[in-house]
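What follows is a single structure, written as C-alpha cells, with notes after it.
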Amino acid sequence: TNVPYKQIIVAAGAGAVAAALGSKAQFASMLEVSPSQPTRWIDGSERPNSENARVIVDLDHVIARAGLLWKPSVIGSWLNGSNAFLDGARPIDVLRTTGSAPVIDALDQELAGGYA
C-alpha cells in the first residue's frame with residue numbers, strides 16, 4: 001500500500017522526538033495524549049490530528065536546533081522549563097500555542113549567548 005508522504009514525515013518526526021526526549025511516555029506527557037499514542041503514530045497504525053501533527057513537526061525542528069546547544073538529556077528539561085527569552089513561559093507551551101518561531105528565536109538567543 002502507498003503511505004502518504006505526510007504520514008511518513010510525521011511518523012519519522014514522532015520517532016525522532018521520542019528518542020530525543022528519552023521516552024515515548026515523556027513525549028506523550030508533553031503533548032498531553034495517552035501514553036500509547038506516540039507508539040501508534042510511529043508505527044503508522046494511527047495518524048495524529050492536524051494540531052498534534054504540526055506540533056510533532058515543530059518539535060522535531062526545535063529539538064534538532066536545540067541539539068546545536070545541548071546534549072539530548074538537557075533538551076527535554078529546557079522545553080519544560082521557564083524561559084527568560086519567552087517571558088518566563090515554557091518553550092513547549094509556546095510551541096503548542098504559537099508555533100516554533102518564538103521558540104527558535106529563543107534558541108538562537110541562547111546560541112548567541114543572549115546574556116553575554
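Some notes on this structure:
- Summed over region 15-47, the residues that are part of a loop (DSSP other than H, G, I, E, B) and either touching a His at 6+ places or on another chain (Cβ under 6 Å) or within 13 Å of Arg96 (Cβ to Cβ) (or both) give a count of 2.
One line per residue, one yes/no per condition, for (1) open to solvent by 30 Å² or more (accessible area, probe 1.4 Å); (2) at negative phi; (3) in contact with a Ser or Thr (Cβ under 8 Å, 6 or more places away or on another chain):
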site	(1), (2), (3)
Leu21	no, yes, no
Ala28	no, yes, yes
Ile56	no, yes, no
Asn80	yes, yes, no
Gly88	yes, no, yes
Ile92	no, yes, no
Thr98	yes, yes, no
Gln109	yes, yes, no
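- The single condition from (1) closer than 14 Å to Val10 by Cα; (2) modelled with pLDDT under 90 that Leu21 fails is (1).
- Against the list (1) under 26 Å from Ala12 (Cα atoms); (2) open to solvent by less than 60 Å² (accessible area, probe 1.4 Å); (3) of a type outside the set (Asp, Glu); (4) free of Cβ contacts under 8 Å to residues at least 24 places away in the same chain, the condition Ile75 fails is (4).
- Identity of the residue in region 34-54, out of contact with any helix residue (DSSP H, G or I) (no Cβ under 7 Å at 6 or more places or on another chain) and not charged (D, E, K, R), that ends up surrounded by the most Cβ atoms within 10 Å (Cβ to Cβ): Ser36
The values are calculated or read from the model by the stated rules, or taken from the named source; none is laboratory data. Computed from a prediction, not measured in an experiment: that's the story for all the values here. Backbone-built Cβ (ideal geometry, glycine too); neighbour counts: all protein chains shown. Ligands, DNA and RNA are excluded from the accessible area calculation, which covers all protein heavy atoms including side chains. Shrake-Rupley method; radii C 1.70, N 1.55, O 1.52, S 1.80 Å.
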